[in-house]
Amino acid sequence: MTANDSRGQPETAAPAIELKGISKAFGPVQANKDISIRVMPGTIHGIIGENGAGKSTLMSILYGFYKADAGEIFIAGRKANITDSQAAIAAGIGMVFQHFKLVENFTVLENIILGAEDGWKLRPSLNKARKSLVELAKDYGLNVEPDALVQDIGVGMQQRVEILKALYRQADILILDEPTGVLTPAEADQLFRILGRLRSEGKTIILITHKLREIMEITDTVSVMRRGEMTATVQTAETSPAELAELMVGRKVLLRVDKTPATPGEVVLDVKNLKVVDDKGVERLRGINLNVRAGEVLGIAGVAGNGQSELLEVLGGYQDGTGEVRVNGQLIDLTGKKSDGQSRRARGIAHVPEDRQREGLIMEYQAWENTAFGYHRDPAYKSGILMDNAAIRADTAEKMERFDVRPPNPRLEAKNFSGGNQQKLVLAREIERNPDLLLIGQPTRGVDIGAIEFIHQQIVALRDQGKAILLVSVELEEILALSDRIAVMFDGKIMGERLPDQTDEKELGLLMAGITDTDRDHSVEEVEANLAHAGGDTSKEV
Amino acid sequence: MDYMTLIQLLDSTVRLATPLLLACLAGLFSERAGIFDIGLEGKMLAAAFFSAAVASLTGSVWIGLLAGIAASMSLAALHGVASITFRGNQLISGVAINFLAAGLTVLIAQDWFSQGGRTPSLMGGARFEGITLPGADAIADVPVIGPLYAELISGHSILVYMAFAAVPLTWWLLYRTRFGLRLRAVGENPAAVDTAGVSVVGLRYAAVAICGVLCGIAGAYLSTALQAGFVKDMSAGRGFIALAALIFAKWRPWYALWATLLFGLFGALETRPDVIENVIGFKVQGQLLGALPYLMTVVILAGFVGKAIPPRAGGEPYVKER
């Protein structure tokens, strides 16, 4: 079908992929600088680096999405000219993107044949694909339901469809970009088992991630990228997480957050039987009970899409709900006119939303304008009935200084800051208002390690000032590092609360999959079946 | 209401539904590929003029039809360049095409024919005549079936039969061929098509071109079959009603047939107020019937009768992302 004549002839010495001197610039930004890398066949090669280090750009060049400014690509020892995705597929490269490229209202089978049909009539193609799916399932343990609609299956299953798409196109080289970002620990384990099996069948795998644990667990070789450059390639067995982390950021970082035990005070946030029904009539929160005290961090763990977003939205005032929510002992409105961001702020609630680019900032607005949002009625920002732009800019400049936002230029549009700096901008706006309660969602999503450290320190510092913090994150490590108490959400409910020093990722992982009897052993299949029950909306946050 | 009146009403429904159906299917191809097209109206109008004008000049309705299709496809190409190649706003491009067609047709008509923005009346071979199907005359006198066949099914122009044949053809193309699979995919998630190594741009241009052909036939039908010649603004909002029908039909070919027939029936009733008065006992304003397609579409959009979910990538230019 799309076989390439350069394949099939075993050249034992030749690397499956060799990149020589790849450079790529986007305007003034050098995304890739003179990158050379050799990936040996039948291995799993990890590429690790902070966000914005250029990993995805490099892989996009390999998959024909971008054209490199300079450099050469060799596949199985032969020079390849990869001008588009078609050429990459023909060269035997398959890619599983971080954001799946699936047609949601197509069946699994239709998604698999799309672009790789065998003729202009569909039925023969579908029949052929159905047969080969059975074989692929047998060879690699990749079971899927061919006639299910993609929108009805879970995220883990969707990812499997992406892998099958590549294998159906006879890919020998599989690139996976941040594959575990949306998976539970159990699903991730299952994925790694599949990858191991693919490797033993002779496939070459490139795994892009920023998670050190995954690199250590599954890769044979690991390359580290930093600021567009390849800083090192080492055998995984001969390195350590600490060394890799250091290579990634160029200095030693604390993977754990330094903090003293919490000294919780009065209850600041008290939530009783909170329910949210979305506009499709689906109950997204099904009776949430929780409280957060002054001077403590309550971490909400869970797979994305199990109601965490709705919890933040209803508390933040832009989603209607029912139930009783008290802040400092006083009831707050959950519907109607008195339920909006403005009235929440008046009650001492600050909110750093999950999606900073859509809810936290207006990307086309400058930093100072973004800083004024929500606080534009502040007398210090006004001069008569007009806004005092000079004062806002001066205040923004100060905040940017204190929160180490780089570059510290209030007139720069939000979209021109990196993810970490955008987040610091939002944090500066919210924290500097001295709230009693901080709602914070995915504080370090898409943020590089240097900024993660800073953001974590700010959260702990705020806690130490006696503020209450409700933290929502899909990163278990982050939850474990920051929280004084952990509540796990599944399918719109709190499955249980744990203390971080009395639990581990395994127990939390089971709770995240809706299994409460965590003492017993559970099979992956059981966990998956349970997750499937929660519905396909786990993909919502992707 | 007697049987013959009913047959006449349905006959009129078929004739009025035909341009709506063609335009609706045109929009279906375009929108299923992710290109919203509110320029159906303009394309129809341009095709109506050019087919009538060329048919009048050459005396051949078939050359006129080709000219109409060519005119409609030129405007479709314009829409394609604006919205696919230059990733412009599809609504603005569509509005521009409507204005362009409304002004240009009258201007050229006046320049060519000096008849106040009309074309001369078409006669003989310059017009699509009704086709009498085999046996129509023979069974015309048979009760019930006779009039049904002779009056309702037989006697329409070739374009009517083409329009109705286009429904199963469209269904088959969309759901049973590789092209259809890719076309539907590109309207739902162009990134999936792109990463599968298929050209998003190529597919979208193909869809827009098909849209142009169908709008061309719809326009030609207006001026060379339904009427005998072009008059100013003769498309009279049919492009918009076709869009309403498309939403009503939830972007599906067979539903499009029922939706346009229903809207065609409203049109037929508008011309026969006496029928409504006879049946329901009081007079209904013709304007109300004219507004019904729009009202019903609003009801559909509000989600009262199931949900009409448009193609997910509709209206958005495709920009490659990592």
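The values are calculated or read from the model by the stated rules, or taken from the named source; none is laboratory data. A quick note: this is a predicted structure, and the numbers were derived from the prediction, not measured. Every residue, glycine as well, gets a Cβ built from its backbone with ideal geometry; the counts of neighbours run over all protein chains shown. Calculation scope for accessible area: heavy atoms of the full protein, side chains included, ligands and nucleic acids excluded. Shrake-Rupley method; radii C 1.70, N 1.55, O 1.52, S 1.80 Å.
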Sorting A:V314, B:G103, A:M248 by the position of each Cα along the dipole of the protein assembly as shown (Lys, Arg +1; Asp, Glu -1; all at Cβ), the one nearest the positive end of that ordering is B:G103
Restricting segment A:272-355 to trypsin sites (Lys or Arg not before Pro) in coil, as DSSP defines it, with at most 12 other Cβ within 10 Å
A:K280, A:K337
Rounded to the nearest 0.05, what FRET efficiency is calculated for A:E477 and B:A77 with R0 set to 56 Å and r the Cβ-Cβ distance?
0.55
How high is the relative contact order of chain B? Use alpha-carbon pairs under 8 Å, at least six apart in sequence, and give a whole percent.
34
Point-charge dipole on Cβ atoms (K/R +1, D/E -1) for segment B:1-106, about Cα centre, debye to 20
300
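Which of the GluC sites (Glu not before Pro) found in segment B:238-322 are loop residues per DSSP with 12 or fewer other Cβ atoms within 10 Å of their Cβ?
Loop-located and lightly packed - B:E321.
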Taking the Cα centre as origin and putting +1 on Lys and Arg beta-carbons and -1 on Asp and Glu beta-carbons, what dipole magnitude results for segment A:361-433, to the nearest 20 debye?
60
Determine the calculated [θ] at 222 nm for chain B from helices alone, applying -39500 (n - 2.57) to every DSSP H run no shorter than 4 residues and normalising by the residue count; nearest 500 deg cm²/dmol.
-21500 deg cm²/dmol
Candidate lysines - alpha carbon under 20 Å from B:K250, same-chain residues fewer than 8 apart omitted
A:K280, B:K307
Specify the angular offset, from 0 to 90 degrees and rounded to the nearest 10, of the alpha carbon long axis of helix B:61-80 from the longest principal axis of the alpha carbons in chain B.
30
Short version: ³J(HN,Hα) in whole Hz for each residue of segment A:84-94, in order, from phi by Karplus 6.51 cos²θ - 1.76 cosθ + 1.60 (θ = phi - 60°), x for Gly and Pro, what are they?
8, 4, 4, 5, 5, 4, 5, 7, x, 9, x
Residue farthest toward the positive end of the dipole of the protein assembly as shown, with Cβ of Lys/Arg at +1 and Asp/Glu at -1: which of B:A67, B:A23, B:W172?
B:A67
0 to 90° range, to nearest 10: angle between helix B:3-32 axis and chain B longest Cα axis:
10
At 7 Å along Cα-to-Cβ for each site, give me the label-to-label distance between B:A165 and B:A291 in nm.
4.1
Gain in span if fully extended, A:N291 to A:R326, counting 0.36 nm per residue against the direct Cα distance
11.7 nm
Where in segment B:25-62 does the label zone of B:V95 land, with the point 7 angstrom along Cα→C-beta and an amide N cut-off under 17 Å?
B:36-43
Which residues, if any, in segment A:87-104 lose at least 30 square angstrom of accessible heavy-atom surface (probe 1.4 Å) when the other protein chains sit next to their chain rather than the chain being alone?
A:K101, A:V103
Residue-normalised accessible area of segment A:361-433, expressed per residue, 1.4 Å probe, Å²:
48
Which whole-angstrom value gives the distance between the alpha carbon centres of segment A:427-474 and segment A:69-102?
40
Between the alpha-carbon centers of segment B:137-202 and segment A:301-376, tell me the distance in whole angstrom.
49
Taking the Cα atoms of chain B alone, what are Rg (to one decimal) and Dmax (as a whole number) in Å?
20.1, 69
Normalized C-alpha radius of gyration of segment A:336-413, against 2.2 N^0.38 Å?
1.16
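Which of the chymotrypsin sites (Phe, Trp or Tyr not before Pro) found in segment A:368-440 are loop residues per DSSP with 12 or fewer other Cβ atoms within 10 Å of their Cβ? Write down the numbers at each step before the final one.
On the way: sites: A:W368, A:F373, A:Y375, A:Y381, A:F403, A:F417; in loops: A:F373, A:Y375, A:F403, A:F417.
Within segment A:368-440, no chymotrypsin sites (Phe, Trp or Tyr not before Pro) qualify (loop, at most 12 other Cβ atoms within 10 Å).
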Relative contact order of segment B:97-164, defined on C-alpha pairs under 8 angstrom at six or more residues apart (%)
23
Give me the extension gain from A:E283 to A:D220: residue separation times 0.36 nm, minus the current Cα-Cα distance, reported in nm with one decimal.
18.2 nm
Round to a whole number: what % of the accessible area of segment A:361-433 belongs to carbon and sulfur, probe 1.4 Å?
52
In bins 10 Å wide, starting from 0, what share of all Cα pairs of segment A:108-219 does each bin hold, as a percent?
13, 45, 32, 9, 1
Share, in percent, of DSSP beta bridges within segment A:17-249 that are antiparallel, nearest 5:
55
For segment A:17-249: span of alpha carbons on each principal axis (Å, largest first):
50, 37, 30
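May I ask for the Kirkwood hydrodynamic radius of segment B:125-180, worked out over all distinct Cα pairs and given in angstroms to one decimal?
The Cα-based Kirkwood calculation yields 13.1 Å.
Counting only GluC sites (Glu not before Pro) that sit in a DSSP loop (anything but H, G, I, E, B) with at most 16 other Cβ atoms within 10 Å, what is the longest stretch of chain A containing none of them?
Within chain A, the longest run free of exposed GluC sites (Glu not before Pro) spans A:12-200.
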With unit charges on the beta carbons (Lys and Arg positive, Asp and Glu negative) and the dipole taken about the Cα centre of segment B:209-322, which residue among B:A313, B:L222, B:F263 sits farthest to the positive side?
B:A313
Those residues of segment A:401-426 whose amide nitrogen sits under 16 Å from the label point placed on A:N389, 7 Å along Cα→Cβ:
A:410-414
Cα atoms only: what Rg and Dmax, in Å, come out for segment A:392-460?
11.5, 31
Quick one: the Cα spread of the protein assembly as shown along its three principal axes, in angstroms, biggest first?
97, 74, 56
Mean residue ellipticity (222 nm) of chain A, computed from DSSP H runs ≥ 4 via -39,500 (n - 2.57), nearest 500
-9500 deg cm²/dmol
Partner lysines whose C-alpha sits under 27 Å from that of A:K415, ignoring same-chain residues fewer than 8 away, are A:K24, A:K33, A:K55, A:K67, A:K101, A:K211, A:K382, A:K399, A:K424, A:K540, B:K320
Using the Kirkwood formula on alpha carbons, the hydrodynamic radius of segment A:111-172 in angstrom works out to 12.0
With +1 on the Cβ of every Lys and Arg and -1 on the Cβ of every Asp and Glu, and nothing else charged, how large is the dipole of the protein assembly as shown about its Cα centre, in debye rounded to the nearest 20?
1660
Length-normalised contact order for segment A:361-433 - Cα pairs under 8 Å, 6+ apart - percent
39
What percentage of the solvent-accessible surface of segment A:17-249, computed with a 1.4 Å probe over protein heavy atoms, is contributed by carbon and sulfur atoms?
48
If one takes the accessible area of chain B alone plus chain A alone and subtracts that of the pair, with a 1.4 Å probe, what total in Å², rounded to the nearest 100, results?
2400
Could you state the angle between the C-alpha long axis of helix B:238-248 and the longest principal axis of the C-alpha atoms of chain B, as a value from 0 to 90 degrees rounded to the nearest 10?
70
